[in-house]
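So the structure is just underneath, and the comments pick up after that.
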4 protein chains.
Amino acid sequence: MKIGKATHVRSAICTSNEQTIVVRGHNLSNDLIGQISFPDHFHLLVTGRLPDAAASAVINATLVAIAEHGLVPSVQAARMTLAAAPEALQGAVAAGLLGAGSVVLGSSETAGRLFLRVEQEAQQHGGDMQAAAHAVVSDLRAKRLPIPGYGHPEHKERDPRVDALFEVARQAGVAPKYVDIAKTIEGVIPGVVGRELKLNVSAAIPAVLLDVGFPINAIKGVPILARTASLIAHLCEEMADPIGFALSYQATTEQEYTGTLPAGFKSE
Amino acid sequence: MKIGKATHVRSAICTSNEQTIVVRGHNLSNDLIGQISFPDHFHLLVTGRLPDAAASAVINATLVAIAEHGLVPSVQAARMTLAAAPEALQGAVAAGLLGAGSVVLGSSETAGRLFLRVEQEAQQHGGDMQAAAHAVVSDLRAKRLPIPGYGHPEHKERDPRVDALFEVARQAGVAPKYVDIAKTIEGVIPGVVGRELKLNVSAAIPAVLLDVGFPINAIKGVPILARTASLIAHLCEEMADPIGFALSYQATTEQEYTGTLPAGFKSE
Amino acid sequence: MKIGKATHVRSAICTSNEQTIVVRGHNLSNDLIGQISFPDHFHLLVTGRLPDAAASAVINATLVAIAEHGLVPSVQAARMTLAAAPEALQGAVAAGLLGAGSVVLGSSETAGRLFLRVEQEAQQHGGDMQAAAHAVVSDLRAKRLPIPGYGHPEHKERDPRVDALFEVARQAGVAPKYVDIAKTIEGVIPGVVGRELKLNVSAAIPAVLLDVGFPINAIKGVPILARTASLIAHLCEEMADPIGFALSYQATTEQEYTGTLPAGFKSE
Amino acid sequence: MKIGKATHVRSAICTSNEQTIVVRGHNLSNDLIGQISFPDHFHLLVTGRLPDAAASAVINATLVAIAEHGLVPSVQAARMTLAAAPEALQGAVAAGLLGAGSVVLGSSETAGRLFLRVEQEAQQHGGDMQAAAHAVVSDLRAKRLPIPGYGHPEHKERDPRVDALFEVARQAGVAPKYVDIAKTIEGVIPGVVGRELKLNVSAAIPAVLLDVGFPINAIKGVPILARTASLIAHLCEEMADPIGFALSYQATTEQEYTGTLPAGFKSE
């Protein structure tokens, strides 16, 4: 069935013949395997260009920062899935990644779009970034929308990963355009919201990535790729020392049934 | 509900308090972000240890080698999924990863298990690896089972990525124990099968990974992680230049309906 | 980790002891198995109430209507996934369902929300539904948004399933409140858009479901449940007569590589 | 890329032109919508035939029986996924279905294959089904394999759904060939295993389905379809009364970290 008008299949990422696999214009076997690191390859795949040293440092740092944070919901979902379906590691990884949504890991992208919006808004304010940040945050509050990338359930002070990421970018000599926007937003929040909401890791990641030219459409890919590494580690631990069903058991030890009961039914 | 006997939730991968996230015994913010590369972090997460230089080189090379091979089925599934559900990048990545199964990307793991089996079988043959390989391949053929990691639909000669991976391991000074087993198997195949089936990338990957001590249970994680990077790249291209529905249209231009038809129905 | 404030686990859907499983207040084994149909059970699970005869007829009709439409993208994704990962039927079903997104199957829900919006808008127009429909459609056009549930890539005339669904509801004696809103919208479209966009099945489904009191939040569940049945059928056919890899092959026979090439590379 | 030899795309399930959608030889709009129930449509899609009354009764009963059993792992995974990614209902359903694996819901299929194996084995025993069951169960025990469909974590006596399903089949006049095999296996287990393992719902489902001619390859589809209905209900409850993050919080309240700690780290 034809959906939409496009019928032409094309891609600029890869082609191959019997001897050679070409990835983004490079001979994969001769010029990439053993020549570049996997994060640089990720950058090449996504953007078509090899990263410079600063971009490489920043991408590695963001991937390391967001990979692991313990038995978070997506890890639990993955471990329960492997316990129930040990025949398909890929299914358990997929179940975990499906939780990389707008509320949890996806806020890296929405925070990045917030920075772009503040940057654009500043044009209405003669380049005054603080006025722009104030206007945008005020608009979000007026619409009762969250401010993506600010505040954290566990880390009330600034998330410890934030300064580490900013420091990596600083040492790599990256001009802090979006990092400054991110900090400006943090600064205006108390005046608008009435309390501090500190920059968290999901704001720091797009700030440093946008500063090295990583495309906004690909930013959500960073937590997804990072979390895949973590999910694989948890699933290997699950194979050796299973807790998938223990998690689901513990989750419901104090469960309350709020529906009606047939006559004579006794809870245990 | 209690499934199985285990009710105790434990993990050795991560813990945290309000100031500090601990990953595998290291302070994430102070000691890992900006200090180690993402592939080394992956090794740390999976094994609990930082890799040595040789292991790091090999892991990067395998991840680069297996990330991308064009519009393969899993990429097509992901791009069609994003076209239909653009609100969930994670869902499109998950749809792609679900095709990392036993037939396609999963053969890296099964090839690795084949090498371990040959290694063990050699004990029955006084350490004669060739005799062991012959016995194991013969047993697979007798049971009409495939030989995972040998032969390729496009690359009839040795897959061009194979020598690149072996060369990375050699230059890193890795003792080629499993690489030699992999080659030994390739050598005995013509005598058993009656034709050559060349070592492909799914055999080379576990060979070099096992040679640097990467655990067999985690080997399938390497193509899964690598393919995640590729899927993200294809999905970013899909956002900019969509072909998801064109793929599904092209796939069925010569479709045949083999069922019955109601009276009066005319195909178009 | 605590995310948000809620820590209390509760549900009104099911409880059990060693002898009895209670579903929505009913004894599953005594009062539901063999006593009610599966679609009625679906209604019970979702709403807490057994459906009346009209609701039962409409739910069955919508599930039958939307289950199957050939080798659509989600079916192709599922069949390719099973070909690559035959060990996990559930993974192939999941890959297919991930394409039940906002563009394709999810438009049933967005069309339903459109009807609710027109209904609410009518309060601003003294109950004049046509004026309300005109205002809402005009607003969508002004924002260059699609009109969910109207138009179809293959069926330029009214989708043949639409009248069948409306007739089921009519014969069941359902008062056509949302069906009338759906038709009213269809009627105002030419005047706003400049051409006809006929009511399609994704508008008919929420119209008849809302008319029998099915909750808006659950409407997307109807195409998801229906499509699951279809995916299972296609995957059983795939096991017996595989086309998963043929689909991916056909999809790329006329593929164009739009990137650069290394010196000396010859396409085949 | 060409994988395998097949390049021809064909299917016997559906075709369409601009006026008519044909499903398994029937005109969908004229002859199926409003004419047949959704479970009968499922049977038609899978087998190509409409079910007789007995098959229809049995399919409905099995779907009702296996749809819901409270906050089981797959439901927890789905609810956590929706909490993290509310933009994609289909992703949360998929995450739940990915847990329909070999250990949990998939045992319906493996139990069905066990019955077929006993049936075939009986040919070696002059048709003596008890001897065949004894031989097969003994073989499973010798290989330390589980006996799929027997025993249950909560219901030590026969699962209450089992007799309900058998009674539906009996009242529908179904000849109990596979039901008898299932009971025969239950009877020989104490003599082989040393304790009772009662027939559970995952054995009863394939027994009654095989007795009405439902194909073995499609049996896993029954719990998958049934569970989809339950997942949709739980996800609608999750939208109205969220517990996804409460589940993940409760699951880890007594979590133990078993790794090492950096100097100076204090747990909270």
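The values are calculated or read from the model by the stated rules, or taken from the named source; none is laboratory data. If you're wondering where the values come from, they're calculated on a predicted model, not measured in any experiment. Every residue, glycine as well, gets a Cβ built from its backbone with ideal geometry; the counts of neighbours run over all protein chains shown. All accessible areas refer to the heavy atoms of the entire protein, side chains included, with ligands and DNA or RNA removed. Shrake-Rupley method; radii C 1.70, N 1.55, O 1.52, S 1.80 Å.
So the values come out like this:
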item: Largest-first ordering by accessible area, 1.4 Å probe, given options C:Y257, D:Y249; result: D:Y249, C:Y257
item: Cβ neighbours within 10 Å from other chains - mean over C:160-168; result: 4
item: Where labels lie 7 Å past Cα in the beta-carbon direction, separation of C:Q171 and A:R141 in nm; result: 6.0
item: Most positive-pole-ward Cα, B:T62, B:G112, B:H41, against dipole of segment B:17-149 from beta carbon charges; result: B:G112
item: Calculated label separations, D:D128, copies of the chain, 7 Å along the beta-carbon direction, nm; result: 4.5, 8.8, 9.7
item: DSSP-loop chymotrypsin sites (Phe, Trp or Tyr not before Pro) across segment B:62-171, with at most 14 other Cβ within 10 angstrom; result: none
item: Cβ-defined net charge surrounding C:D139, 13 Å radius [Lys, Arg +1; Asp, Glu -1]; result: +3
item: Shape of segment C:156-259, Cα gyration tensor, a/c cut at 1.5; result: oblate
item: Å² per residue, accessible surface of the protein assembly as shown at 1.4 Å; result: 35
item: Surface share of carbon and sulfur [accessible, 1.4 angstrom probe, percent] for segment B:136-268; result: 48
item: Kirkwood Rh in Å, taken over all unlike Cα pairs in segment C:110-166; result: 12.6
item: Area buried, chain D against chain A - accessible surface, total, 1.4 angstrom probe, square angstrom; result: 2300
item: Whole-Hz ³J(HN,Hα) from phi, Karplus 6.51 cos²θ - 1.76 cosθ + 1.60, for segment B:83-93, glycine and proline x; result: 4, 7, 9, x, 6, 9, 3, 4, x, 5, 4
item: Candidates per trypsin sites (Lys or Arg not before Pro) in segment C:170-268, loop by DSSP, up to 11 other Cβ within 10 Å; result: C:R195, C:K266
item: Peptide-level mean, for A:219-230, of C-beta atoms on other protein chains within 10 Å; result: 6
item: Most to least accessible of B:S102, C:S16 (protein chains only, probe 1.4 Å); result: B:S102, C:S16
item: Cα pair distances of chain C binned at 5 Å [whole percent]; result: 1, 5, 10, 12, 13, 13, 13, 11, 9, 6, 3, 2, 1, 1, 0
item: Shortest-first nm distances, B:V193 label point to equivalent points in other copies (7 Å, Cα→Cβ); result: 4.1, 5.5, 6.0
item: Net charge over other residues, Cβ less than 10 angstrom from the Cβ of C:H41 (K, R count +1; D, E count -1); result: -1
item: Whole-Hz ³J(HN,Hα) from phi, Karplus 6.51 cos²θ - 1.76 cosθ + 1.60, for segment D:95-102, glycine and proline x; result: 4, x, 5, 4, x, 7, x, 5
item: Accessible surface of segment D:31-107 [probe 1.4 Å, protein heavy atoms]: carbon and sulfur percent; result: 52
item: Cα-centred dipole magnitude for segment B:29-167, charges only on beta-carbon of K, R (+1) and D, E (-1), debye, nearest 20; result: 500
item: Check: the protein assembly as shown dipole with +1 on Lys, Arg Cβ and -1 on Asp, Glu Cβ, in debye; result: 0
item: Within 10 Å of each Cβ in B:37-50, the average number of Cβ atoms from other chains; result: 6
item: Highest-fluctuation residue, A:D180, A:D40, A:D128 considered, GNM on chain A with Cα pairs under 10 Å; result: A:D128
item: Taking chain C and dividing mean pair separation by its residue count, relative contact order in percent (alpha carbons under 8 Å, at least six apart); result: 24
item: Partners for B:K177 among lysines (Cα-Cα distance below 26 Å; same-chain residues under 8 apart left out); result: B:K156, B:K198, B:K220
item: Lys/Arg +1, Asp/Glu -1 at C-beta; chain A dipole; positive extreme among A:Q250, A:A175, A:P146; result: A:P146
item: 20 Å-binned pair-distance histogram of the protein assembly as shown (Cα, whole percent); result: 13, 44, 37, 7, 0
item: Label 7 Å beyond Cα on the Cβ vector: B:P215 copy-to-copy distances, nm; result: 3.7, 4.1, 4.3
item: Among D:A133, D:H8, D:T81 - extreme Cα towards positive end, dipole of segment D:4-138, charges at beta-carbon; result: D:H8
item: Charge tally in the Cβ shell below 10 Å around D:I219, where Lys, Arg are +1 and Asp, Glu are -1, D:I219 excluded; result: +1
item: Cα shape, segment C:40-153, gyration tensor, a/c 1.5 rule; result: oblate
item: 222 nm mean residue ellipticity, helices alone, for chain B (DSSP H n ≥ 4; -39,500 (n - 2.57); rounded to 500); result: -17000 deg cm²/dmol
item: Choice from D:T15, D:T252, D:T184 with maximal GNM fluctuation in chain D (Cα, 10 Å cutoff); result: D:T252
item: Förster radius 41 Å - calculated FRET efficiency between C:Q124 and C:L50, Cβ distance, rounded to 0.05; result: 0.65
item: Point-charge dipole on Cβ atoms (K/R +1, D/E -1) for segment A:1-56, about Cα centre, debye to 20; result: 460
